[in-house]
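Everything on this sheet refers to the single structure shown next.
The values are calculated or read from the model by the stated rules, or taken from the named source; none is laboratory data. These figures come from a predicted structure and were not determined experimentally. Positions of Cβ are backbone-derived with ideal geometry, glycine not excepted, and every protein chain shown enters the neighbour counts. When the accessible area is computed, the model is the full protein with side chains, heavy atoms only, and any ligands, DNA or RNA have been set aside. Shrake-Rupley method; radii C 1.70, N 1.55, O 1.52, S 1.80 Å.
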Amino acid sequence: MKPHANSFTLSTLAVIIFTSWILAGANVAFASPRQNILADYAARVKIQTPGFEGFSTDRGKKLFLSKPGTGKPDIPSCTTCHSNNPANPGQTRAGKAIEPMAVSRSPARYTDFKKVEKWFRRNCKSVTGRICTSLEKGDFLTFMINQ
Amino acid sequence: MDSNLHNNLPRGPVEKPDQYRLVWDLPLRLFHWFMVIAVSVAGITGFLAPSWWLDTHVVAGYAIGILLVFRIAWGFVGSHYSKFRQFPMAISGMLRHLRMITTGKSDDHAGHNPLGSWMIAILISTLTGLVLSGLVALAGQEKLGPLAFLTTYQVGHLAKEIHEFIAFVLLGAIFLHLTGVFAEIYIFRHPVLKAMFTGKKPMANLSPGMKTSAYIGRGALVFVVFGVLLIGVGASLAGKPPMGWRAVDVPADYKSECGDCHVVYHPGLRSKEAWQSIMAGLADHYGEDASLDEASVASISSYLEKNDAGTFDTKAANQMGKVNTPTFRITETRRWKRKHRKIEPSVFRLKSVGSKINCNACHEDASTGLFNDSNVNLPNGAQE
């Protein structure tokens with residue numbers, strides 16, 4: 001009886017270790033495009049601001065909630081389309097649902113650099129009337145990753 | 001045989017029950033009442049119901065078509081009084097009948113009297129015209145049904161106008177028919193309505209009638225043969241690809257680049273020139289920045305231009321797609337505005353719709369470009 005029980009515990013342990021190893025591996029593979037995008041923005045910021053200390057969730061949140069009033073009158077804020085809470089789905093002006101911006105809700109977000117850049121270009125222009133800086137982009141992503 | 005028939009005759013209202021004879025065979029009577037039902041359904045759905053009742057209207061129309069073919073065949077192979085040969089259609093007879101009516105009488109006719117015969121001829125021909133024009137309209141406008149493979153939108157459009165005109169003619173004909181029936185019953189005292197239920201008429205001068213069970217088997221046979229034939233041929237023709245419509249796949253870049261903010265529009269909803277202008281102005285796209293990299297613009301433009309409204313012959317392509325507007329919008333065409341004018345603005349703001357440009361919220365088949373009447377489905381909480 002006893003040796004049997006022992007081998008059972010052992011194999012369970014092995015399965016757990018193996019599974020968490022696989023999961024961890026997948027997680028790294030999954031997170032890396034997003035981390036790469038962040039690292040890319042950080043590198044660009046560092047060129048201009050040598051004393052750069054890292055992106056800030058708070059600044060990202062402020063950008064998300066702000067109403068700069070310098071863009072298109074119909075589109076005053078990021079929240080116009082993305083809703084006030086990043087965990088909630090948003091809606092475009094044409095009525096189509098937008099998946100939540102928070103990474104915890106939409107794990108596939110911010111993994112395609114071209115897509116991220118395209119939407120920063122469009123949405124920042126519409127809301128603020130200008131292009132967002134790399135600092136703003138990094139702050140925004142950091143805020144969303146921590147949601 | 002004959003005495004047996006007499007014994008089963010109803011007693012009561014008429015003094016000489018032994019003079020009742022079977023005149024209308026059972027298949028004819030069934031035909032008549034099914035026709036009443038089918039025409040009522042088609043009439044109500046056609047005149048009164050909203051357009052998304054088209055499916056029911058069309059089913060009623062198919063039923064009328066099969067019934068008509070049966071009746072026409074029955075006019076050749078049915079029992080004595082059902083045969084067209086027995087209809088007193090001669091003009092001289094009709095004039096005599098009319099003269100008699102002006103004196104307040106209508107002579108006995110075992111089958112139809114002259115006016116009644118003409119009435120049947122008019123009803124059968126208007127109904128035939130309605131079914132045929134309906135089939136052509138369905139084919140050209142909706143790209144559905146057995147004639148869709150050879151009918152253009154223009155022809156379908158014309159057929160629809162004719163269909164609507166004949167429908168009013170039929171209303172008039174039905175009114176005359178009912179007037180005649182009421183006159184026969186209440187003025188001339190001929191129980192013609194009862195005869196259409198029992199098949200029997202009280203006639204003194206009538207040769208011995210047929211058996212109650214006569215012609216039932218033949219009627220069933222004729223009905224099944226023509227029914228199966230029509231449905232079989234109809235279904236196989238309806239399976240052919242419709243003229244002026246084809247399925248187009250949605251390329252991945254069109255779907256992802258133009259489908260993030262709103263539904264992806266069927267390319268047949270705009271003309272080549274309108275698509276070119278829309279694609280050239282993406283940086284300021286209806287108040288939003290929808291700018292794209294050049295490669296995507298080129299590939300999406302070529303798809304849209306290759307499948308533009310000019311390459312489709314559907315209702316939506318003809319009425320809206322080929323019509324250019326200053327803003328290049330579909331929703332600014334006259335036809336779009338007219339078709340949606342009864343929809344309250346609050347319906348477009350419903351959470352499940354969001355905007356008038358969200359065609360798919362109400363049109364189940366928007367992605368096919370067909371926009372069929374029967375596929376309109378207003379979301380919950382929206383009443384036209």
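Figures for the structure shown
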item: Cα long-axis angle, helix B:26-47 against chain B (0 to 90 degrees, to the nearest 10); result: 30 degrees
item: Amide H within-cut-off set for residue B:285, under 5 Å, with H built and near neighbours excluded; result: B:290
item: Dipole magnitude (debye, nearest 20) for chain B, charges at Cβ of Lys, Arg, Asp, Glu; result: 2040 debye
item: Solvent-accessible heavy-atom area per residue, rounded to whole Å², over region B:159-301 at 1.4 Å; result: 56 Å²
item: Taking all pairs of distinct alpha-carbon atoms in chain B, Kirkwood radius in angstrom; result: 24.9 Å
item: Surface/4 estimate of mean projected area, convex hull on alpha-carbon atoms of region B:252-375, nm²; result: 7.5 nm²
item: Candidates B:158, B:28, B:282: whichever shows maximal mean-square fluctuation once chain B is modelled as a Gaussian network with Cα springs under 10 Å; result: B:282
item: Charge tally in the Cβ shell below 11 Å around residue B:78, where Lys, Arg are +1 and Asp, Glu are -1, residue B:78 excluded; result: +3
item: Members of region B:331-361 that become less accessible by 50 Å² or more once partner protein chains are added (1.4 angstrom probe, chain alone as reference); result: none
item: Accessible surface of residue A:32 - all protein chains present, 1.4 Å probe, nearest 10 Å²; result: 50 Å²
item: Anchor residue B:211: aspartates and glutamates whose Cα lies under 15 Å away (excluding residues fewer than 8 positions away in-chain); result: B:2, B:18, B:25
item: Heavy-atom accessible surface of region A:32-145: percent carbon and sulfur, 1.4 Å; result: 54 percent
item: Percentage relative contact order, region B:17-238, counting C-alpha pairs under 8 Å, at least six apart; result: 32 percent
item: Region A:32-145, accessible area per residue, ligands and nucleic acids excluded (1.4 Å, Å²); result: 53 Å²
item: Accessible area of residue A:130 in the full protein assembly, 1.4 Å probe (Å², nearest 10); result: 100 Å²
item: Accessible area buried, both sides summed, chains B and A with 1.4 Å probe, Å²; result: 1400 Å²
item: Modelled FRET efficiency - R0 22 Å, residue B:102 with residue B:36, Cβ distances, 0.05 increments; result: 0.15
item: Accessible surface of chain B [probe 1.4 Å, protein heavy atoms]: carbon and sulfur percent; result: 65 percent
item: FRET efficiency, residue B:194 to residue B:124 (Cβ-Cβ, R0 30 Å, nearest 0.05); result: 0.85
item: Cα centroid separation - region B:277-291 against region B:71-122, whole Å; result: 71 Å
item: Where trypsin sites (Lys or Arg not before Pro) fall in DSSP loop in region B:85-168, at most 13 other Cβ within 10 Å; result: B:105
item: Average other protein chain Cβ within 10 Å of Cβ, residues A:93-100; result: 6
item: Accessible surface, 1.4 Å probe, highest first, among residues B:48, B:22, B:292, B:144; result: B:48, B:144, B:292, B:22
item: Cα gyration tensor shape for region A:47-133, rounded if a/c is under 1.5, else prolate or oblate; result: oblate
item: Residue B:337 versus residue B:229: modelled label distance in nm, points set 7 Å from Cα along the beta carbon direction; result: 5.2 nm
item: Relative contact order for chain B, counting Cα pairs under 8 Å that sit 6 or more residues apart, in percent; result: 18 percent
item: Projected label distance in nm at residue A:56 and residue B:158, using a 7 Å step from Cα toward the beta-carbon; result: 7.5 nm
item: Residue B:275 accessible area, 1.4 Å probe, all protein chains in place, Å² to nearest 10; result: 20 Å²
item: Occluded residues from region B:259-276, i.e. those whose accessible area drops by 50 Å² or more once the chain is not alone (1.4 Å probe); result: B:260, B:261
item: Estimated [θ] at 222 nm from DSSP helical runs (n ≥ 4, -39500 (n - 2.57)) normalised by residues in chain B, nearest 500; result: -16000 deg cm²/dmol
item: Which of B:150, B:202, B:239, positive extreme of dipole for the protein assembly as shown (C-beta unit charges); result: B:202
item: In nm, spacing of pseudo-spin labels at residue B:256 and residue B:212 (7 Å Cα→C-beta vector); result: 7.7 nm
